[in-house]
Amino acid sequence: MRTQVAIIGAGPAGLLLGRLLSLQGIDTVILERRSADYVLGRIRAGVLDRASLVALREAECDQRMKAEGLFHDGFDIVAGERRFHIDLKGLTGEQVIVYGQTEVTHDLMEARRAEGTPTFYEAEALDVSGIEDGPVEIVYEHGGARHTLSCDYVAGCDGFYGVASKAIPADLRRTFERVYPFGWLGLFADVEPCSHELIYANHTNGFALASMRSHTRSRYYIQCPIDIDLADWPDERVWDELAIRLGPQAAANMKRAPAIEKSVAPLRSFVAEPMRHGRLFLAGDAAHIVPPTGAKGLNLASADVLALARALTAQIREGTSTLIDTYSANRLAEIWKVERFSWWMTMLLHRFSDREDFNARIQMAELDYLAGSRAAQLALAENYVGLPLAG
Ligand code: RFL
Ligand code: PHB
């Protein structure tokens, strides 16, 4: 089999790239290790910023998001006894949209199905070769047999545990990582949210977040030790902890119901440099991870893919290499800003058991400053809605 751009991974990054390239008349094949149902069943991101909005619009896949997404003007921060509002719209003129990653994935899968462009599910890429001097080939396993996909370019959209980045020689690759000493226990329930906007809480028991997917579906998270046994966390215990951490106002409005999903996610910051080597390009979680506190993972993937689709289109259709040559450096400059923001939000809102009193006091001072300073709120808001996109 042969294609112009082989895409490894059918998460949001891979599907979005496939769609943007198809609209430019460029051939793609997507290889995805999991089944379509498995990919659709992964409950992850909930908040879309400017990058995802622009990307879905360019992909002509934003109709349902615009009709069913919840447009939010801001969110609340709870810190100790105090609850204050970050007025995203008033500060930046922009909103964010609550629209689940599962819905984004569903819409992109449908668009690809309607185009008739090939996606192979349960097709695991095992090896990528020839990215420096060709021929470029991907060996993959599908239906119990090994196959080869030949292509002009490879897009590694295969997430944190993917294989694409391993094709970059180890001596040219540099990674930066910070693993946080806790995780998030997430709970999904078919109940009305406790607030019409998100609530981020810093409590002495640890961080908590009240989010949602719709007016009838809530998504909650609490900070927890990474090695907890979920059997020790029956739903009632999670609800009790949420009620404590989110504060009395949220607790009074909180409706409880059995969890339809409950899981623990680790928190990590990670960047791999460079994002391009020869004919291989990385995008999304394959190149970087942010802790979810700033709601940026999916949005960063969207911004990568917007830039990569433009770069590959210019190269393939016009033979202009400027954009592919600058892809890695330009994206990394933006990515590090988002890494900084996500790290800052994480440091601001979580409990660090090994922290000295000094650091705890600094955290309280920072929250106090944020509560009272328009300048500090603007700095938060402009990052949360998404910094301006290059180009
Ligand atoms: P994905 O979604 O991990 O997709 C990669 C795909 O590649 C496949 N794959 C392979 N396929 C073929 N061959 C191989 N060898 C392969 N190896 C891997 C995988 O099966 C998979 O389908 O990466 P992508 O597309 O880059 O998308 C990134 C986002 O999924 C991620 O950044 C976000 O979910 C992060 N995130 C959030 N982002 C936001 O923008 N806003 C949020 O509110 C937000 N909340 C979250 C989050 C992530 C969370 N978790 C669970 C980590 C909340 C949580 C709890
Ligand atoms: C979510 O709804 O899953 C969500 C929202 C905001 C975040 C992280 C996750 O910062």
Any hit, region 156-165, residues being in contact (Cβ under 8 Å) with a residue 60 or more places away in the chain, surrounded by 14 or more Cβ atoms within 10 Å (Cβ to Cβ), part of a strand (DSSP E or B) and not basic (Lys, Arg): yes
Ile244 among the β-branched types (Val, Ile, Thr) and assigned to a loop (DSSP other than H, G, I, E, B): no
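With the requirement that a residue be touching a strand residue (DSSP E or B) at 6+ places or on another chain (Cβ under 7 Å) and under 23 Å from Phe341 (Cα atoms), what does region 260-274 give you?
Keep residues of region 260-274 that are touching a strand residue (DSSP E or B) at 6+ places or on another chain (Cβ under 7 Å), which gives 260-273.
Within region 260-274, Val264, Ala265, Pro266, Leu267, Arg268, Ser269, Phe270, Val271, Ala272, Glu273 qualify.
Taking only region 123-143 into account, find how many residues are assigned to a strand (DSSP E or B) and of a type in the set (D, E, K, R). Lay out the reasoning, then the answer.
Restricting attention to region 123-143, the residues satisfying the condition of being assigned to a strand (DSSP E or B) are 123-129, 136-142.
Adding the requirement that they be of a type in the set (D, E, K, R) leaves 124, 127, 137, 141.
The qualifying residues number 4.
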Residues of region 35-64 satisfying the condition of being touching a Ser or Thr at 6+ places or on another chain (Cβ under 7 Å), small (Gly, Ala, Ser) and away from ligand 2 (no atom under 16 Å from the Cβ): Ala55
From the options Ala307, Ala314, Ala272, residue that is in contact (Cβ under 8 Å) with a residue 40 or more places away in the chain, assigned to a helix (DSSP H, G or I) and either aliphatic (A, V, I, L, M) or open to solvent by 20 Å² or more (accessible area, probe 1.4 Å) (or both): Ala307
Number of positions in region 69-122 that are under 30 Å from Ser22 (Cβ atoms), touching a Leu at 6+ places or on another chain (Cβ under 6 Å) and not in a helix (DSSP H, G or I): 4
Failed item, numbered, when Trp184 is tested on (1) within 12 Å of ligand 1 (Cβ to nearest atom); (2) in contact with a Cys (Cβ under 8 Å, 6 or more places away or on another chain); (3) without any contact (Cβ under 8 Å) to a residue 40 or more places away in the chain: (3)
Selected residue (criterion: farthest from Val78 (Cα to Cα)) from residues of region 155-194 that are touching a Lys or Arg at 6+ places or on another chain (Cβ under 6 Å) and β-branched (Val, Ile, Thr): Val179
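The values are calculated or read from the model by the stated rules, or taken from the named source; none is laboratory data. For clarity, every value in this text was computed on a predicted model and none was experimentally measured. Every residue, glycine as well, gets a Cβ built from its backbone with ideal geometry; the counts of neighbours run over all protein chains shown. To get the accessible areas, we keep the full protein, side chains included, count just its heavy atoms, and leave off ligands, DNA and RNA. Shrake-Rupley method; radii C 1.70, N 1.55, O 1.52, S 1.80 Å.
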